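Input: a single structure, listed below in structure tokens.
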Amino acid sequence: MEWFKKVKTGLKAQEKRPIPDGVWVKCDTCGEIIYKKELIQNLWVCAKCGFHFRIKSGDYVRILLDDGTFDELHSNITAVDSLKFRDSKKYTDRVKDAMKKTGLSEAARTGIGKVDGKSIVLGILAFDFLGGSMGSVVGEKIARATEQALRDKIPLIVVSSSGGARMQEGALSLMQMAKTSARLAQLSEASVPYISVLTHPTTGGVAASFAMLGDIIIAEPGALIGFAGPRVIEQTIGQELPEGFQRSEFLLEHGFIDVIVNRRELKPIISTLLDHLT
Amino acid sequence: MNETGHDFERKIIALRRELDDVRARSLDHDPAFKDDLKQQAQKLEKAIRDIHSKLNRWQRVLLARHPQRPYTMDYIRFMITDFVELHGDRLFADDKAIVGGLGKLAHRTVVIVGHQKGRSTKENLYRNFGMANPEGYRKALRLMRLAAKYKRPVVCLIDTPGAYPGIGAEERGQAEAIARNLFEMSRLPVPIIVVVIGEGASGGALGIGVGDRLLMMENTWYSVISPEGCASILWRSAEKKEQAAEALKLTPQDLMVQGLIDEIIPEPLGGAHFDHEEAASILKRTLERVLGELGGMPPQELLDKRIEKFSRMGLFQEPNAEKEETNVG
Ligand SMILES: [Zn+2]
């Protein structure tokens with residue numbers, strides 16, 4: 001599989017978005033020059049090698065939900081700099097910049113929508129907003145989405161892409177892992193389905209909480225999924241990682257995800273699963 | 001007493017020696033000198049407390065990592081009677097970085113689990129420096145389910161620099177193991193008391209950290225990442241660990257302000273490493289009291305309160321809502 005070649009370069013290869021206004025886009029993996037309109041039509045999947053370009057939260061809304069059914073919730077919840085955190089930049093500035101860059105209010109978007117006419121609660125993490133990191137806002141929005149699913153007895157679907165818990169909120173971020181997982185345990189007790197969709201990359205505190213707790217766990221091909229990042233592991237063990245390590249196919253092989261689904265098949269598969277479970 | 005060579009620690013050691021000396025003299029001296037010696041002792045105690053109160057966050061981290069601090073097995077030795085260690089996750093292996101078993105805390109049988117560090121290099125290799133693999137979290141969960149089955153409370157002692165970042169750990173699902181524990185611990189129908197006894201780093205700590213009460217010993221830290229890890233990512237240099245420690249606000253006092261913990265447990269003068277037995281006796285008294293508070297609660301109420309507790313954690317703004325959601329104060 002072509003994307004395995006990318007493992008040593010970590011996230012870099014997929015970080016670059018293709019030239020925004022260009023007519024042609026080069027596939028990061030196979031080098032194929034693709035007509036952009038064709039790529040968009042193909043949901044940003046390279047027709048030649050199957051490489052899944054990273055797409056935005058809005059793209060997943062369009063891919064998964066019936067047209068015009070998304071009712072976004074809690075988009076007025078925003079981050080607070082509770083620790084007065086500052087590294088090379090102030091946390092408040094990082095948040096402001098991310099808002100400006102993405103047009104989003106935070107790294108999670110949640111709402112209600114329909115999949116082939118079936119009502120669901122949808123959560124999507126936005127990797128372009130501070131690496132999809134989970135602080136108090138992401139934790140709260142995922143927790144509320146879960147509560148909503150429980151209250152309305154409709155399935156929850158969360159599409160993850162995240163580097164993990166957000167360092168700038170310290171222990172508050174860490175506790176969001178417990179908060180989201182606890183809500184999911186309630187949902188599970190009520191037998192309300194939860195489908196977790198893992199996209200590139202899903203690591204750290206997000207992987208070690210709600211992302212790994214789905215009744216069904218689906219992954220896009222070639223996504224990096226794991227607890228520790230590859231760089232940290234390489235530094236710890238002092239050796240290079242094997243090919244394909246921590247990619248979707250590796251997780252499938254080791255029994256930690258249910259199925260790898262090409263982005264073009266994502267909606268039909270989810271729709272079928274919803275029929276089976278509801 | 002091995003010292004680790006930090007200036008503040010040398011001062012404390014010298015003061016503690018002086019204090020021991022004064023106390024010894026006050027035992028066999030003429031009663032006429034007693035008041036004088038008592039005053040001297042008080043002065044020395046105050047001097048030690050002063051040094052402590054002025055430590056910066058990085059120095060607090062160093063204290064939490066002190067190689068002579070009591071570890072889980074030390075607390076068990078002094079607090080628990082009839083302890084039987086139970087091994088293995090029944091799936092893959094026995095992780096030496098997390099220990100656990102059944103024992104009595106005063107008159108109550110409890111399940112106690114905790115991270116276990118080593119003191120010597122050899123011990124540390126055996127314990128993997130207190131960094132658990134998935135089987136450690138799964139062993140802990142197995143023991144907690146045993147506790148639920150026989151309606152015994154659970155005590156979790158946190159002391160880890162993080163979950164182990166290795167190839168095997170990822171192959172066996174480190175993320176899943178931690179996530180599963182958060183999920184299961186939030187619904188375990190018996191009281192769970194969590195105590196940070198040393199280092200509490202990231203998901204590796206939280207993996208045995210969901211409960212009805214979260215307590216921290218006085219000289220410990222708890223955060224989303226270690227200061228070194230944070231520094232190497234945000235400052236691009238692990239050397240900036242001191243700044244990272246300040247920024248992360250990771251002391252027990254900081255977490256109290258953030259509304260995340262319930263109590264700070266005092267340690268013997270100068271730190272728990274000076275007196276394991278005394279540290280364990282303070283912790284034991286605290287656990288007995290808290291178990292007493294939780295013991296009478298019906299399971300459903302316990303679980304409702306536990307989920308409320310974690311649901312309240314977080315700080316954000318929400319305009320147009322009735323109030324800004326905070327858990328501070
Ligand atoms: Zn391609």
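The values are calculated or read from the model by the stated rules, or taken from the named source; none is laboratory data. In this text the structure is predicted, and so the values were computed from the model without any measurement. As a convention, Cβ positions derive from the backbone with ideal geometry for all residues, glycine included, and neighbour counts pool all protein chains shown. Side chains are part of the model used for accessible areas, which takes the heavy atoms of the whole protein and leaves out ligands, DNA and RNA. Shrake-Rupley method; radii C 1.70, N 1.55, O 1.52, S 1.80 Å.
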Yes or no: B:LEU157 aliphatic (A, V, I, L, M) and out of contact with any strand residue (DSSP E or B) (no Cβ under 8 Å at 6 or more places or on another chain)?
no
Any pair with Cβ under 9 angstrom, 6 or more apart, that starts in region A:32-47 at a residue that is farther than 18 Å from A:THR199 by Cα and ends at one that is β-branched (Val, Ile, Thr) and away from the ligand (no atom under 11 Å from the Cβ):
A:TYR35/A:VAL23; A:LYS36/A:ILE19; A:LYS36/A:VAL23; A:LYS37/A:VAL23
Yes or no: A:LYS118 basic (Lys, Arg), under 21 Å from A:VAL197 (Cβ atoms), away from chain B (no Cβ under 14 Å) and touching a helix residue (DSSP H, G or I) at 6+ places or on another chain (Cβ under 8 Å)?
yes
Residues of region B:228-245 classified as in contact with a Cys (Cβ under 8 Å, 6 or more places away or on another chain) and farther than 19 Å from A:ALA165 by Cβ, total
0
Check A:THR110, A:THR146, A:THR180 and return the single one that is touching a His at 6+ places or on another chain (Cβ under 8 Å) and buried (at least 24 other Cβ atoms within 10 Å of the Cβ).
A:THR110
Could you list all residues from region A:254-267 that are out of contact with any Asp or Glu (no Cβ under 9 Å at 6 or more places or on another chain) and without any contact (Cβ under 8 Å) to a residue 12 or more places away in the chain?
A:GLY255, A:GLU265
Return the pairs, sorted by first residue and then second, in which the second residue is hydroxyl-bearing (Ser, Thr, Tyr) and not in a helix (DSSP H, G or I), the first residue lies in region B:250-265 and is open to solvent by less than 10 Å² (accessible area, probe 1.4 Å), the beta carbons are less than 7 Å apart, and the residues are 6+ apart or on different chains.
B:LEU250/B:TYR222; B:LEU250/B:SER223; B:PRO252/B:THR220; B:LEU255/B:TYR222
Quick check on my filter: what residues within region B:283-295 are modelled with pLDDT of 95 or more and open to solvent by 20 Å² or more (accessible area, probe 1.4 Å)?
B:LYS284, B:ARG285, B:GLU288, B:ARG289, B:GLY292, B:GLU293
Can you spot a residue in region A:149-160 that is under 21 Å from A:VAL232 (Cβ atoms) and either open to solvent by less than 10 Å² (accessible area, probe 1.4 Å) or at the interface with chain B (Cβ under 7 Å from one of its Cβ atoms) (or both)?
yes
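Yes or no, residue by residue, for (1) among the hydrophobic types (A, V, I, L, M, F, W, C); (2) touching a helix residue (DSSP H, G or I) at 6+ places or on another chain (Cβ under 8 Å); (3) open to solvent by less than 30 Å² (accessible area, probe 1.4 Å):
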site: B:GLY204; (1), (2), (3): no, yes, yes
site: B:GLY209; (1), (2), (3): no, yes, yes
site: B:ASP212; (1), (2), (3): no, yes, yes
site: B:GLU218; (1), (2), (3): no, yes, no
site: B:TYR222; (1), (2), (3): no, yes, yes
site: B:PRO227; (1), (2), (3): no, yes, yes
site: B:CYS230; (1), (2), (3): yes, yes, yes
site: B:SER237; (1), (2), (3): no, yes, no
site: B:LYS241; (1), (2), (3): no, yes, no
For the condition more than 30 Å from B:ARG172 (Cβ to Cβ), modelled with pLDDT of 95 or more and within 20 Å of the chain's Cα centre (by Cα), what is the one hit in B:PHE129, B:PHE78?
B:PHE78
Regarding B:ARG108, is this residue on the phi > 0 side of the Ramachandran plot and assigned by TED's automatic domain parsing to the domain that holds B:ARG285?
no
How many residues are more than 10 Å from chain B (Cβ to nearest Cβ) and under 16 Å from B:GLY173 (Cβ atoms) when one looks only at region A:247-270?
5
State which residue is farthest from the other protein chains (Cβ to nearest Cβ) when the search covers only region A:83-92 and only residues that are open to solvent by less than 50 Å² (accessible area, probe 1.4 Å) and at pLDDT 95 or above.
A:TYR91
From the residues in region A:168-194 that are more than 7 Å from every other protein chain (Cβ to nearest Cβ) and of a type in the set (A, V, I, L, M), which one is farthest from the chain's Cα centre (by Cα)?
A:ALA190
Which fully enclosed helices (runs of 4 or more DSSP H) of region A:15-124 have 2 or more residues being within 16 Å of the ligand (Cβ to nearest atom) and more than 30 Å from B:GLY229 (Cα to Cα)?
A:36-41
Those residues of region A:206-233 which are within 7 Å of chain B (Cβ to nearest Cβ), out of contact with any Leu (no Cβ under 7 Å at 6 or more places or on another chain) and not in a strand (DSSP E or B), in sequence order:
A:ALA207, A:ALA208, A:MET212, A:PHE227, A:ALA228, A:VAL232
Kindly indicate whether A:LEU73 is open to solvent by 10 Å² or more (accessible area, probe 1.4 Å), closer than 30 Å to A:HIS276 by Cβ and either touching a His at 6+ places or on another chain (Cβ under 6 Å) or within 14 Å of chain B (Cβ to nearest Cβ) (or both).
yes
